[in-house]
Amino acid sequence: MTGESTVVDFYFDPVCPYAWIASRWLLEVEHHRALDLRFHLMSLRMLNEHRDDVDPAYLANTIRCCGPSRVAAAAAAQFGEEVLPDLYTAFGNAIFDHWRYAPPDELRAAMAGALHQTGLPERLAAAADSTDYDDALRRSHNVGIASVGREAGTPIVHLDGAAFFGPVLNSIPRGEEALRVFDGARLLAGFPNFFELKRTRTSPPVFS
């Protein structure tokens with residue numbers, strides 16, 4: 001890799017499967033390009049809490065499954081955002097083995113395992129049931145969505161001074177394909193009047 005690093009700020013909720021896929025894509029790109037890839041937290045619960053058009057069952061699920069984002073926020077507040085990539089990877093490897101909505105108990109166990117695997121204090125797991133780090137989580141969340149608006153979801157990517165929701169990928173691009181997707185996203189992000197490119201998903205995500 002040569003040349004000046006491209007700063008990529010990646011905002012994610014740990015339980016979002018599409019954020020997981022996008023994060024693995026960016027890590028793949030990082031193997032081949034000079035990226036300064038930075039991980040930050042956002043919250044599906046906070047994103048949807050004041051929306052009138054959200055399905056009540058989905059909204060309830062974002063509340064039930066907010067524990068991992070709270071624990072990650074506690075870890076970032078106490079040890080710096082530098083711990084987020086490894087913590088997220090350890091958590092995601094336990095959760096995103098196949099497509100399903102993991103129940104809160106499984107999320108809790110996965111985060112406890114991730115804390116242990118990354119050498120972070122197990123006491124951080126208690127943050128899942130606490131509001132102590134909600135303000136810190138909201139600050140990070142608000143920075144992430146400030147440039148894209150509240151109609152966005154997760155993930156959010158800030159790239160070359162442009163911010164966008166997505167890309168929403170149904171599988172993880174690898175190798176040259178990962179680079180082509182990155183270059184395409186970068187090209188579209190660089191056009192100031194580009195706003196949306198979307199189609200209906202027809203199959204569940206693939207994590208392999």
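The values are calculated or read from the model by the stated rules, or taken from the named source; none is laboratory data. Predicted, not measured: the structure shown is a model, and the values here were computed from it. Here the Cβ positions follow ideal geometry from the backbone for every residue, glycine too, while neighbour counts run over all protein chains shown.
For Val148, indicate whether it is under 20 Å from Phe39 (Cα atoms), of a type in the set (A, V, I, L, M) and free of Cβ contacts under 8 Å to residues at least 24 places away in the same chain. Considered against the rule, which asks whether it is under 20 Å from Phe39 (Cα atoms), of a type in the set (A, V, I, L, M) and free of Cβ contacts under 8 Å to residues at least 24 places away in the same chain, Val148 comes out as yes.
Of everything in the range 36-56 that is of a type in the set (A, V, I, L, M, F, W, C) and part of a strand (DSSP E or B), the residue that is surrounded by the most Cβ atoms within 10 Å (Cβ to Cβ) is Leu41.
Just to be sure, is Trp99 part of a loop (DSSP other than H, G, I, E, B) and either among the β-branched types (Val, Ile, Thr) or under 17 Å from Phe207 (Cβ atoms) (or both)? Judged against the criteria, Trp99 is a match. In the range 79-105, the residue that is nearest to Asp9 (Cα to Cα) out of those that are at pLDDT 95 or above and surrounded by fewer than 15 Cβ atoms within 10 Å (Cβ to Cβ) is Glu82. Screening Ala19 with (1) among the aliphatic types (A, V, I, L, M); (2) without any contact (Cβ under 8 Å) to a residue 24 or more places away in the chain; (3) closer than 22 Å to Pro204 by Cβ gives one miss only, at (2). Among the residues of the range 120-150, just one is surrounded by 15 or more Cβ atoms within 10 Å (Cβ to Cβ), touching a helix residue (DSSP H, G or I) at 6+ places or on another chain (Cβ under 8 Å) and modelled with pLDDT under 95, namely Ile145.
Of the listed requirements (1) part of a helix (DSSP H, G or I); (2) surrounded by 17 or more Cβ atoms within 10 Å (Cβ to Cβ); (3) more than 15 Å from the chain's Cα centre (by Cα), Leu59 misses just one: (2).
Run down Arg139, Arg174 and say which single residue is charged (D, E, K, R), closer than 20 Å to Pro85 by Cβ and in contact (Cβ under 8 Å) with a residue 60 or more places away in the chain. Talk me through it step by step, then tell me what you get.
Numbers: Arg139 fails: in contact (Cβ under 8 Å) with a residue 60 or more places away in the chain.
Testing whether each residue is charged (D, E, K, R), closer than 20 Å to Pro85 by Cβ and in contact (Cβ under 8 Å) with a residue 60 or more places away in the chain leaves just Arg174.
When you check Phe164 against the structure, is it in contact (Cβ under 8 Å) with a residue 60 or more places away in the chain and either basic (Lys, Arg) or touching a His at 6+ places or on another chain (Cβ under 9 Å) (or both), yes or no? Answer is no for this residue.
One residue stands out in the range 173-204 among those that are under 16 Å from Leu26 (Cβ atoms) and in contact with a helix residue (DSSP H, G or I) (Cβ under 8 Å, 6 or more places away or on another chain): the one that is surrounded by the fewest Cβ atoms within 10 Å (Cβ to Cβ), namely Gly175. Contact map, the range 188-208: residues that are of a type in the set (Val, Ile, Thr) paired with residues that are part of a loop (DSSP other than H, G, I, E, B), Cβ distance under 7 Å, separation 6+ or inter-chain. Pairs shown: Val206/Asn170; Val206/Ser171.
Taken residue by residue, the range 69-82 has no member that is assigned to a loop (DSSP other than H, G, I, E, B) and touching a helix residue (DSSP H, G or I) at 6+ places or on another chain (Cβ under 7 Å).
Out of Gly149, Gly144, report the one residue that is touching a strand residue (DSSP E or B) at 6+ places or on another chain (Cβ under 9 Å) and part of a helix (DSSP H, G or I). Walk me through how you get there before you give the answer.
Numbers: Gly149 fails: part of a helix (DSSP H, G or I).
Exactly one of Gly149, Gly144 is touching a strand residue (DSSP E or B) at 6+ places or on another chain (Cβ under 9 Å) and part of a helix (DSSP H, G or I), namely Gly144.
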